[in-house]
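Enquirer: I am attaching a structure below and will ask some questions about it afterwards.
The values are calculated or read from the model by the stated rules, or taken from the named source; none is laboratory data. All figures in this text were calculated on a predicted structure; none of them were measured in a lab. Cβ atoms come from the backbone with ideal geometry, glycine included; neighbour counts cover every protein chain shown. Just so you know, the surface numbers come from the protein's heavy atoms only, side chains and all, with ligands and any DNA or RNA stripped out. Shrake-Rupley method; radii C 1.70, N 1.55, O 1.52, S 1.80 Å.
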Amino acid sequence: MRRILFTLLCFIPLFPALLSIQAPAAGAETISLYERSLLEQINAYRAEHKLPALRFDARLNQLAREHSFTMSRQKRISHLDFRGRFQRSGSRLCVENVGTGNTYALKQFRSWQSSSAHDGNLLNANILRAGIAEIGTYVTFFACQ
């Protein structure tokens, strides 16, 4: 019993430090392994076609995150309010791919790649920045000039 109590007393002072390590700073943008992997797949594909890699953009990522959250909440895939995201991006050109049900980034990438419209968005030479967000089973790729 003493050993357990001693262990707990030693751990309690460390608890706030552990929380601060795990939680991102306020306003910090994080990207999941799935999202990072999907962006890496897209950039490798763009490199095969002699196109520049897309840079992760926190603003676009937030727009993608909001849309993925909306799709998840509504339990349906859509491009609703693309115009609003486009206007909020501050860009002159944006593209968007959405998906659901692909638990692996490579599977989602291949699904987009097999659709001519989605593939065209991935290989659009005029886009330079991107945000990718996965909420539940819904994912949004939002990229702009």
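Enquirer: Give me the 1.4 Å probe accessible area per residue for segment 51-145, excluding ligands and nucleic acids, in Å². Mind dumping the intermediate values first?
Expert: Values: 4820 Å² over 95 residues.
Ligands and nucleic acids excluded, the result is 51 Å² per residue.
Enquirer: Given a 1.4 angstrom probe, I'd like the percentage of the accessible area of segment 52-137 that is carbon and sulfur, rounded to a whole number.
Expert: On the way: 2460 of 4690 Å².
C and S atoms contribute 52 percent here.
Enquirer: Can you pull the one-decimal nm distance between simple spin-label points at residue 72 and residue 88, each 7 Å off the Cα toward Cβ?
Expert: 1.6
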